[in-house]
1. Just a yes or no: is a residue in segment 152-167 at pLDDT 85 or above and either part of a helix (DSSP H, G or I) or farther than 30 Å from A317 by Cβ (or both)?
2. Name every residue in segment 175-191 that is at pLDDT 70 or above, more than 19 Å from the chain's Cα centre (by Cα) and not basic (K, R), in order of residue number.
3. Across segment 109-134, what is the total count of residues that are assigned to a helix (DSSP H, G or I) and crowded, with 18+ Cβ neighbours inside 10 Å?
4. If we scan segment 261-283, do we find a residue that is in contact with a helix residue (DSSP H, G or I) (Cβ under 8 Å, 6 or more places away or on another chain), part of a strand (DSSP E or B) and surrounded by fewer than 18 Cβ atoms within 10 Å (Cβ to Cβ)?
5. Quickly run through segment 310-351 and pick out the residues that are within 19 Å of P293 (Cα to Cα), part of a loop (DSSP other than H, G, I, E, B) and of a type outside the set (V, I, T).
6. Using the structure shown, decide if A50 is touching a residue at least 40 places away in the same chain (Cβ under 8 Å), under 22 Å from I152 (Cα atoms), in the same structural domain as G63 (by TED's automatic domain parsing) and aliphatic (A, V, I, L, M).
7. How many residues, within segment 284-298, are in a loop (DSSP other than H, G, I, E, B) and in contact with a helix residue (DSSP H, G or I) (Cβ under 6 Å, 6 or more places away or on another chain)?
8. Has segment 256-266 got any residue that is charged (D, E, K, R), modelled with pLDDT under 95 and under 18 Å from R181 (Cβ atoms)?
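The values are calculated or read from the model by the stated rules, or taken from the named source; none is laboratory data. Treat the numbers as computed from the prediction; the structure is a model and nothing was measured. Every residue, glycine as well, gets a Cβ built from its backbone with ideal geometry; the counts of neighbours run over all protein chains shown.
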Amino acid sequence: MDPLTHTLLGAVVARTSLGGSTRLAGLALMVSANLPDLDVLSYVAGPDYALGFRRGWTHGPLGILILPAVLAACLLGMDAVRRARAPDLPRPIARRVLALAYLGCLTHPFLDWLNTYGVRLLMPFDGQWFYGDAVFIIDPWLWLILGGTVVIAARPRLGGSIGWLVLAILMSVVLELGAGRIPSAVRPMWFAGIGAIVLLRLWPRTMVRATTVAGIGLLLASAYIGTMLIASTSAGLWVRGELNRQGVGEVHDLMIGPLPADPLAWDVLAETETAYRYGTFRWLPRPSLELSPRVLEKPRSSPLLDAALTAPQIQGALDWMRFPFVEIESTDRGHTVYVIDARYVRRRGSGFGTAVVELDSELRVLGAR
């Protein structure tokens with residue numbers, strides 16, 4: 001999931017009674033909720049290396065074991081320096097700071113598992129990718145639930161109110177930028193939700209304990225995620241049956257991917273013995289599958305393809321790809337091989353989800369990206 005969702009979840013947990021259990025509790029929860037994404041530093045070594053490294057070591061057992069302990073030690077160390085200058089500050093309870101750092105860190109791989117990008121939960125012991133295929137990587141409804149919970153539960157401060165207003169505007173801008181991919185009903189529902197949050201924040205009769213508000217917010221977020229998981233699983237079962245009825249062939253792997261901001265429609269990608277098939281599943285007005293006539297042939301071994309796949313510059317991408325297909329273009333110098341992940345890209349090009357290898361006429365690698 002995006003960093004904002006991770007941070008908002010940590011902030012909501014910090015508004016529960018756990019957040020008041022010791023000094024540094026809120027900081028430990030919000031920082032640790034993003035801690036596994038330290039692997040973003042792998043981009044220093046290049047995008048392909050990062051693609052092969054991210055959502056691995058720092059998201060697996062060793063990372064979850066080590067990183068929170070390091071964070072807790074750093075927080076407690078910095079606090080000790082601060083208390084040396086301000087002796088009246090109460091001493092944080094070290095074991096609680098450590099426990100909350102572990103709690104926040106554990107929420108991260110769970111949220112990452114929910115989408116179609118995947119996460120390697122067992123690294124470095126096993127490189128298998130796990131996919132929840134249930135929640136879009138940027139989900140405005142989780143933003144609304146979690147962000148609204150924090151706003152309603154927060155203490156009334158001018159600086160905080162201005163900050164949340166700016167964040168709400170930025171969220172709305174992001175939603176507008178994706179307006180072409182989301183249903184028309186989403187925009188009014190989004191702004192109605194923003195309005196409801198403002199009213200609940202300002203209306204004195206709705207002022208209840210922050211811990212109660214946070215608990216309700218966590219229940220709503222959990223109910224939303226649980227509903228999406230059930231919907232994805234149910235849609236997958238229905239689609240498998242429908243594909244079998246249409247004679248598509250035995251389905252080896254099936255992705256029922258969430259669409260942006262639309263919990264009633266799902267992107268379908270089915271892998272058979274020899275090909276991939278696209279489709280769209282909709283719940284309303286009745287469960288239905290609109291199957292695209294386009295058939296993507298799965299890559300078959302050949303001297304040209306085998307030579308391209310040896311390029312060291314694309315090994316990270318190959319490890320990450322879930323539904324790879326290949327397009328080959330002849331050039332004056334030889335061949336251009338496009339290795340494409342059908343999850344995110346459907347035609348040759350460049351950019352995310354595509355690895356490009358240039359070969360000469362002797363099938364030697366000239367370059368790759």
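1. Yes, segment 152-167 has at least one match.
2. P183, S184, A185, V186, P188, M189, W190, F191
3. Number of matching residues: 4.
4. Yes: segment 261-283 contains one or more residues that are in contact with a helix residue (DSSP H, G or I) (Cβ under 8 Å, 6 or more places away or on another chain), part of a strand (DSSP E or B) and surrounded by fewer than 18 Cβ atoms within 10 Å (Cβ to Cβ).
5. Selection gives F323, A342, R343, Y344, R346, R347, R348.
6. Spelling it out, it is not the case that A50 is touching a residue at least 40 places away in the same chain (Cβ under 8 Å), under 22 Å from I152 (Cα atoms), in the same structural domain as G63 (by TED's automatic domain parsing) and aliphatic (A, V, I, L, M).
7. Residues meeting the conditions: 1.
8. Looking for residues that are charged (D, E, K, R), modelled with pLDDT under 95 and under 18 Å from R181 (Cβ atoms), one finds at least one in segment 256-266, hence yes.
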